[in-house]
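Asks: Below is a structure I'd like to ask you about.
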Amino acid sequence: MPPSLCLLRLSALGDVTHVVPLVRTLQRHWPQLHLHWVIDKGGFKLLEGLEGVTFHTYDKKTGLAGMRALRGEMPGRFDVLLQMQVALRANLLSAFIPARRRIGYDRSRSKDLHGLVINERIPDRPGIHVLDAMGSFCEPLGLKQTQVVWDLPVPADAHAWAAAQWPADGTRTLVISPCSSHVRRNWFADRYAAVADHAAAQGWRVVLCGGRSDLERKTADAIMAAMQAPALDLVGKDTLKQLPALLARADLVMTPDSGPMHIANAMGTAVLGLHAASNPRRSGPYSTVRYCVDRYDDAARRYKGKPAAELKWGTKIEHDGVMELVTVDDGIAAFERFRDDLAD
């Protein structure tokens with residue numbers, strides 16, 4: 001067991017959710033290990049209370065002054081730093097974290113001076129899910145991630161809030177979280193509305209959720225205006241601590257490649273993921289990719305001139321209009337795949 005270990009993964013919400021199984025793996029093998037984690041404010045709001053972890057938050061707005069302040073928080077020199085982010089800001093920040101062993105990504109995924117701030121690398125395994133790639137950070141320490149466990153820290157009052165939003169009357173519930181932080185991954189309000197109306201016609205409750213941005217508010221308003229059936233509007237009403245509890249109450253969550261996709265998956269809820277800009281086998285819902293719409297290969301052929309199999313693993317196809325490849329019929333077919341499995 002290393003005497004001290006620090007993780008650096010600042011964002012985004014989906015990615016910090018993917019790191020939690022690694023934390024559980026380390027804790028399962030070394031119950032006495034106390035972990036430090038350098039994270040951003042959003043990730044901290046989601047994961048605050050994760051037992052056995054001391055969080056150090058970094059706000060990118062604070063620049064170098066914030067990096068120097070973070071250095072003053074460190075308890076000394078760590079035995080191991082897991083540098084789990086290759087963005088330039090994260091690489092620079094890692095230079096302020098003293099550590100003997102500095103483990104980072106393989107050469108194929110290194111960029112923005114990543115190789116200058118690490119002295120060991122994880123194995124290069126193209127073709128695996130992001131969560132499994134993050135899980136492989138324990139391998140230089142002599143461990144293997146053989147189980148995927150999240151057990152997110154969701155307080156009882158968050159579950160109580162979620163329980164109060166709609167009655168536990170046995171009605172199946174579709175939660176729609178329509179927006180990603182990457183706008184070119186987002187689907188269209190009229191298409192969400194069409195799938196929502198189809199679900200409502202099968203007797204399902206429809207719930208909309210999302211953050212407090214203007215985009216999320218406008219998208220939700222447009223979905224409800226286009227729907228024939230009613231929907232419960234919870235957009236902007238939850239906190240990051242309440243969101244996992246809310247998603248846990250759903251039978252199915254429909255969303256593009258987004259933080260809520262991965263949080264819902266971590267809470268054990270099936271996800272109908274909408275994919276054209278990104279590959280669901282790499283960054284889709286880890287446990288329920290079966291219910292995803294996958295138009296990634298179509299996007300590769302249209303925008304890259306070659307099949308997805310010939311692209312570098314992890315290539316994003318975030319072009320204007322790429323999500324037009326995902327049709328209403330695709331969404332309904334994925335919804336019906338889930339319904340068929342419920343009936344079996």
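Asks: S136 - would you say it is surrounded by fewer than 15 Cβ atoms within 10 Å (Cβ to Cβ) and either modelled with pLDDT of 95 or more or at negative phi (or both)?
Replies: Considered against the rule, which asks whether it is surrounded by fewer than 15 Cβ atoms within 10 Å (Cβ to Cβ) and either modelled with pLDDT of 95 or more or at negative phi (or both), S136 comes out as no.
Asks: Can I ask one more? Only one residue in L247, L215 is hydrophobic (A, V, I, L, M, F, W, C) and farther than 22 Å from V322 by Cα, so which one is that?
Replies: Checking each option against the conditions leaves just L247.
Asks: Same structure again: Name the single residue that is farthest from the chain's Cα centre (by Cα) among those in region 45-70 being open to solvent by less than 10 Å² (accessible area, probe 1.4 Å) and over 22 Å from P98 (Cα atoms).
Replies: The selected residue is L50.
Asks: Residue check, T315 against (1) within 21 Å of the chain's Cα centre (by Cα); (2) free of Cβ contacts under 8 Å to residues at least 60 places away in the same chain; (3) assigned to a helix (DSSP H, G or I), all met but one. Which one?
Replies: Single failed check for T315: (3).
Asks: Moving to a separate point now. Do we find a residue being closer than 13 Å to T255 by Cα and open to solvent by 40 Å² or more (accessible area, probe 1.4 Å) anywhere in region 185-194?
Replies: Taking every residue of region 185-194 in turn, at least one turns out to be closer than 13 Å to T255 by Cα and open to solvent by 40 Å² or more (accessible area, probe 1.4 Å).
Asks: Any residue at all in region 327-338 that is at pLDDT 95 or above, open to solvent by 60 Å² or more (accessible area, probe 1.4 Å) and under 16 Å from L174 (Cβ atoms)?
Replies: From region 327-338, those at pLDDT 95 or above are 327-338; that's our starting set.
Filter once more, so that each one left must be open to solvent by 60 Å² or more (accessible area, probe 1.4 Å): 329, 337.
Next cut, under 16 Å from L174 (Cβ atoms) only: 337.
The answer is yes, given that some residue of region 327-338 is at pLDDT 95 or above, open to solvent by 60 Å² or more (accessible area, probe 1.4 Å) and under 16 Å from L174 (Cβ atoms).
Asks: What number of residues in region 28-44 are open to solvent by 40 Å² or more (accessible area, probe 1.4 Å) and not in a loop (DSSP other than H, G, I, E, B)?
Replies: Residues meeting the conditions: 4.
Asks: Something else about it: Return the residues of region 71-97 that are farther than 20 Å from V19 by Cα and within 25 Å of the chain's Cα centre (by Cα); say none if nothing qualifies.
Replies: Listed by number, the list holds a single entry, L92.
Asks: Which condition does I128 not pass, out of (1) of a type in the set (A, V, I, L, M); (2) open to solvent by less than 50 Å² (accessible area, probe 1.4 Å); (3) not in a loop (DSSP other than H, G, I, E, B), if it passes all the others?
Replies: (3)
Asks: Against the definition (modelled with pLDDT of 95 or more, closer than 28 Å to A200 by Cβ and among the polar types (S, T, N, Q)), how does S283 come out, yes or no?
Replies: So S283 fails the test.
Asks: So which residues in region 324-333 are under 17 Å from D297 (Cα atoms), part of a helix (DSSP H, G or I) and of a type in the set (A, V, I, L, M)?
Replies: Residue satisfying the conditions is L325 alone.
Asks: List pairs: first in region 167-186 and more than 12 Å from M261 (Cα to Cα), second modelled with pLDDT under 95 and in a strand (DSSP E or B), Cβ under 7 Å, 6+ apart or cross-chain?
Replies: none
Asks: Kindly list, by first and then second residue, each pair from a residue in region 7-35 that is within 12 Å of L46 (Cα to Cα) to a residue that is at pLDDT below 95 and open to solvent by 40 Å² or more (accessible area, probe 1.4 Å), limited to pairs with Cβ atoms under 7 Å and residues at least 6 apart or on different chains.
Replies: Taking only residues 6 or more apart or on different chains, the pairs are A12/S181.
Asks: Moving on to the next point. Against the condition in contact with a Gly (Cβ under 8 Å, 6 or more places away or on another chain) and of a type in the set (S, T, Y), how does S136 come out, does it pass?
Replies: no
Asks: Report every pair of residues separated by at least 6 positions or lying on different chains whose Cβ atoms are under 6 Å apart, first residue within region 189-207 and under 19 Å from A168 (Cβ atoms), second open to solvent by 40 Å² or more (accessible area, probe 1.4 Å).
Replies: Close Cβ pairs satisfying both conditions: W204/R172; R205/T171; V207/L232.
Asks: Among the residues of region 78-114, which ones are free of Cβ contacts under 8 Å to residues at least 24 places away in the same chain and open to solvent by 70 Å² or more (accessible area, probe 1.4 Å)?
Replies: Listed by number, the residues that qualify are R100, R107.
Asks: Determine which member of the set L208, L141, L174 is out of contact with any Asp or Glu (no Cβ under 8 Å at 6 or more places or on another chain) and among the hydrophobic types (A, V, I, L, M, F, W, C). First the steps, then the outcome.
Replies: Values: L208 fails: out of contact with any Asp or Glu (no Cβ under 8 Å at 6 or more places or on another chain); L174 fails: out of contact with any Asp or Glu (no Cβ under 8 Å at 6 or more places or on another chain).
That would be L141, the only listed residue that is out of contact with any Asp or Glu (no Cβ under 8 Å at 6 or more places or on another chain) and among the hydrophobic types (A, V, I, L, M, F, W, C).
Asks: Check whether at least one residue in region 153-161 is modelled with pLDDT under 95 and either under 20 Å from the mean Cα position of the chain (by Cα) or open to solvent by 50 Å² or more (accessible area, probe 1.4 Å) (or both), and report yes or no.
Replies: Looking for residues that are modelled with pLDDT under 95 and either under 20 Å from the mean Cα position of the chain (by Cα) or open to solvent by 50 Å² or more (accessible area, probe 1.4 Å) (or both), one finds none in region 153-161, hence no.
Asks: Residues D297, D238: which one is open to solvent by 40 Å² or more (accessible area, probe 1.4 Å) and either over 17 Å from the mean Cα position of the chain (by Cα) or free of Cβ contacts under 8 Å to residues at least 40 places away in the same chain (or both)?
Replies: D297 is the lone residue from the list that is open to solvent by 40 Å² or more (accessible area, probe 1.4 Å) and either over 17 Å from the mean Cα position of the chain (by Cα) or free of Cβ contacts under 8 Å to residues at least 40 places away in the same chain (or both).
The values are calculated or read from the model by the stated rules, or taken from the named source; none is laboratory data. All values reported here derive from a predicted model rather than from experimental measurement. Using ideal geometry, Cβ is built from the backbone for each residue, glycine included, and neighbour counts are taken over all protein chains shown. Remember, those area values only see protein heavy atoms, side chains included, never the ligands or the DNA or RNA. Shrake-Rupley method; radii C 1.70, N 1.55, O 1.52, S 1.80 Å.
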